[in-house]
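The values are calculated or read from the model by the stated rules, or taken from the named source; none is laboratory data. This one's a predicted model, so the numbers in the text were calculated from it and none came from an experiment. As a convention, Cβ positions derive from the backbone with ideal geometry for all residues, glycine included, and neighbour counts pool all protein chains shown. Quick note on the areas: whole protein, heavy atoms, side chains included, nothing else; ligands and nucleic acids left out. Shrake-Rupley method; radii C 1.70, N 1.55, O 1.52, S 1.80 Å.
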Amino acid sequence: MSKELAPPFLLSQPHRRYNPLSGEWLLVSAERTSRPWLGDEEAPATGDLPTYDSSCYLCPGNVRANGERNPKYNSTFVFANDFAALQPDSPAAAFRDGLLRAESERGTCLVICFSPRHDLSISRMNAAQARSVVDLWSTQSASLGERFEWVQVFENRGSAMGASNPHPHGQIWAGSALPLEAEREDATQRRHFEVTGRSLLLDYAEQETGGPRDLGSDDEWLVVVPFWAVWPFETLIIPRRPVSRLPDLDDRQRDSLAERLTQLLRGYDGLFEAPFPYSMGWHQAPFDGIERPHWQLHAHFYPPLLQATVRKFMVGYELLSEPQRDITAEDAAERLRSAINAANPSAAHVGG
Ligand code: H2U
Ligand code: ZN
């Protein structure tokens, strides 16, 4: 089934698209990728890693920068970041002088290892191993949510995204204030809910299912290159039933998420035949005891690469005016869908 949402002549020329989740516009100028590139190239990432690396600070039994030794863990492993950006015991303080304002922020930062195996990225995991990552995200969110309002689960993968180590790991930063993105998504989702009585992202999921940007959905999840994608191969993952937070996911949703995730990530790795860098993270409702029926859990994947060794820079116009992208979301979805189908030969093929 194919759905068109806008006349093709509009989408094939420079145009702007609206992101209802962030409330921002972006500029789409398709086919600028044919311009010559003489700038820096990313070193192609190699996929050949040992299962254990004696110099890795995340491998089981190894010593970290602070002198502590990791246990010989055999599934997942969590520790407080030795260089944490937030501290749980920062004293409360605020300052205001005319336009100058500051306030203290309390929080904590965890490092979460997805596997004892140095080489086992989520894209290489089987369903049970990926499910243990989903459970890790959920249980850690639940316990941090008892102490902090905002729980940000994320993963930086690959040196292009600043990851310090290829060992499969993510981070969780939890804080007492709602950061910028949280405030923004709370406001847009709340407004949509107040006006329509429905969830913005559930409405969006319904509109995208089976369409040109759908990367393979099942009864529980939609995986999509959002209409308003900024990064070349950006994706969004949305549960199809109302869920506000990771700990609320039931068994079926977790199993299906593990499958959707590994399929997507194998597709990402297949796209340029190399481990695909990205920053990903979950946006779940604040843990402040307030009912937020408007807030739908979702994950964003923001990969920087446009071509195998060329990254998209968010510079001049993007920094000063608004984000801009070079290939349409529909073209990106088509390429990503082929990569997903090629990398998951036994799975049902994804249409679109
Ligand atoms: P990234 O790869 O996303 O940078 O995450 C790794 C984190 O691990 C990073 O935030 C922490 C760094 O502060 N770290 C430790 O806590 N202990 C160490 O021994 C090295 C790195
Ligand atoms: Zn390691």
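Taking the Cα centre of the chain as origin and charging only Cβ (+1 Lys, Arg; -1 Asp, Glu), how large is the dipole, in debye to the nearest 20?
In debye, rounded to 20, the chain gives about 160.
Express in nm, to one decimal, how much length is gained between S321 and T196 on full extension, taking 0.36 nm for each residue of separation and deducting their alpha carbon distance. Can you show the working numbers first?
Values: separation 125, 0.36 × 125 = 45.00 nm, distance 3.09 nm.
Using 0.36 nm per residue and subtracting the Cα-Cα distance, I get 41.9 nm.
For S90 and R241, what does the FRET efficiency come to when R0 = 45 Å and r is the distance between their Cβ atoms, rounded to the nearest 0.05? Could the numbers behind the result be given before it?
Numbers: r = 38 Å, r/R0 = 0.84.
Step by step, r from the Cβ atoms, then E = 0.75.
Longest segment of the chain with no GluC sites (Glu not before Pro) in a DSSP loop having at most 13 other Cβ atoms within 10 Å?
The reported range is 147-272.
With a ≥ b ≥ c taken as the square roots of the eigenvalues of the C-alpha gyration tensor of the chain, please select rounded if a/c is under 1.5 and otherwise prolate if a/b is larger than b/c or oblate if it is not?
Rounded shape, in that the Cα axes give a/c under 1.5.
Relative contact order, percent, of segment 236-352 when contacts are C-alpha pairs under 8 Å separated by at least 6 residues? Walk me through the intermediate numbers first.
Numbers: 115 pairs, mean separation 38.7, N = 117.
Across segment 236-352, relative contact order equals 33 percent.
May I ask for the Kirkwood hydrodynamic radius of segment 158-207, worked out over all distinct Cα pairs and given in angstroms to one decimal?
Numbers: mean 1/r = 0.0714 Å⁻¹.
Mean inverse Cα-Cα distance, inverted, gives 14.0 Å.
Among N126, V223, P88, whose Cα projects farthest towards the positive end of the dipole of the chain, with charges put on the beta-carbon of Lys, Arg (+1) and Asp, Glu (-1)?
N126
For segment 92-181, what is the accessible area per residue in Å², given a 1.4 Å probe and the full set of protein chains? Numbers along the way, then the final one.
Working: 4070 Å² over 90 residues.
About 45 Å² of surface per residue is accessible.
Once the piece of chain linking D288 and A308 is laid out straight, how much longer is it, given 0.36 nm per residue of separation minus the C-alpha distance between them? Walk me through the numbers before you get to the answer.
Numbers: separation 20, 0.36 × 20 = 7.20 nm, distance 4.22 nm.
Net length gain for the segment: 3.0 nm.
Express the accessible area of segment 217-331 per residue in Å², computed with a 1.4 Å probe while the remaining protein chains stay in the model. Each step should come with its number before you reach the end.
Working: 3790 Å² over 115 residues.
In whole numbers, segment 217-331 has 33 Å² accessible per residue.
Based on the alpha-carbon gyration tensor of segment 66-112 and its eigenvalue square roots a ≥ b ≥ c, which shape applies: rounded if a/c is under 1.5, prolate if not and a/b is larger than b/c, or oblate?
On the way: a/c = 4.54, a/b = 3.69, b/c = 1.23.
Prolate is the answer for segment 66-112, as a/c is 1.5 or above and a/b outweighs b/c.
Report in % the part of the accessible area of the chain that belongs to carbon and sulfur, leaving out ligands and nucleic acids; probe 1.4 Å. Working shown, then result.
On the way: 8860 of 16570 Å².
For the chain, the apolar C and S fraction of the accessible surface comes to 53 percent.
Classify segment 247-312: rounded, prolate or oblate, from the alpha-carbon gyration tensor (a ≥ b ≥ c, eigenvalue square roots; a/c under 1.5 rounded; otherwise prolate if a/b is larger than b/c)? If you can, show how the numbers build up before the last one.
Details: a/c = 4.43, a/b = 1.84, b/c = 2.40.
It comes out oblate by the Cα gyration axes.
What percent do you get for the relative contact order of the chain when only Cα pairs under 8 Å and 6+ apart count? Write out the running numbers ahead of the final one.
Working: 702 pairs, mean separation 78.2, N = 352.
22 percent.
Under DSSP H, which helices of the chain have Cα atoms covering 15 Å or more of the helix axis and a Kyte-Doolittle average no less than 0.0? If you can, show how the numbers build up before the last one.
Numbers: long enough: 127-145 (27 Å, 0.16); 180-196 (24 Å, -1.45); 251-271 (30 Å, -1.04); 329-343 (20 Å, -0.31).
Helix filter hits for the chain: 127-145.
Per-residue HN-Hα couplings for segment 288-297, Karplus 6.51 cos²θ - 1.76 cosθ + 1.60 at θ = phi - 60°, whole Hz, x for Gly and Pro?
These are the phi-based 3J(HN,Hα) values: 10, x, 8, 5, 10, x, 7, 8, 9, 3 Hz.
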